[in-house]
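Structure first, then comments.
What follows is calculated from the coordinates using simple rules that are stated; it is not laboratory data. As the structure is a computational prediction, the values presented were derived from the model and not from experiment. Heads up, the Cβs are rebuilt from the backbone with ideal geometry, glycines too, and the neighbour counts pull from every protein chain shown.
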Amino acid sequence: MSVGLRVYSYAACSTCRKALRWLQEQGLDAEVIDITLHPPSLEELRRALAQLERRRLFNTSGVSYRALGSSVVKAMDDEAALAALASDGKLIKRPFLISASGTVLTGFDPQQWQTLLRPEAPAAP
């Protein structure tokens, strides 16, 4: 079943692999994009920022984030933060999912994904 999903993912990320496996188990098709080669656009990141706290957009445990420094990131205004995210996909918390309705999720929480993508299905225990 296709629901118009776009998932920015990284092949070396175990959480991304779990999320993609979950989508497959649910019978949900998604366009999978390598976040390191093709990060989300500024427009997609702006949409995400409008829905999520700014800190939820950053992969704070990643090498790119540590190299940049949390104090630098905190000092950035939103436009500078979005530009940094758009230029380095490894800065972005992943997986980064955009639903057909435009809802954005970062990270993989099976219950949250279930609620958004399969609201009619019973929640897994």
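Show which aspartates and glutamates lie in cross-link reach of K74 when reach means a straight Cα distance below 19 angstrom and same-chain residues fewer than eight apart are skipped.
Within the straight-line cut-off, K74 pairs with E53, D88.
Within a 10 angstrom radius of the beta carbon, how do K90, K18 rank from fewest other beta carbons to most?
Numbers: K90 17, K18 13.
Lowest to highest Cβ neighbour count: K18, K90.
For K18, list the lysines whose Cα falls under 16 Å from its own Cα; do not include residues on the same chain fewer than 8 positions away.
Cross-link targets: K93.
I need D88, D77, D29 ordered by Cβ neighbour count within 10 Å, fewest first.
Working: D88 18, D77 8, D29 13.
If I rank by nearby Cβ atoms, fewest first, I get D77, D29, D88.
Output the Cα-based Rg and Dmax of the range 2-117 in Å, rounding Rg to one decimal and Dmax to a whole number.
13.6, 42
Out of all DSSP beta bridges with both ends in the chain, state the antiparallel percent to the nearest 5. Walk me through the intermediate numbers first.
Values: 7 of 13 bridges.
If we restrict to bridges inside the chain, about 55 percent are antiparallel.
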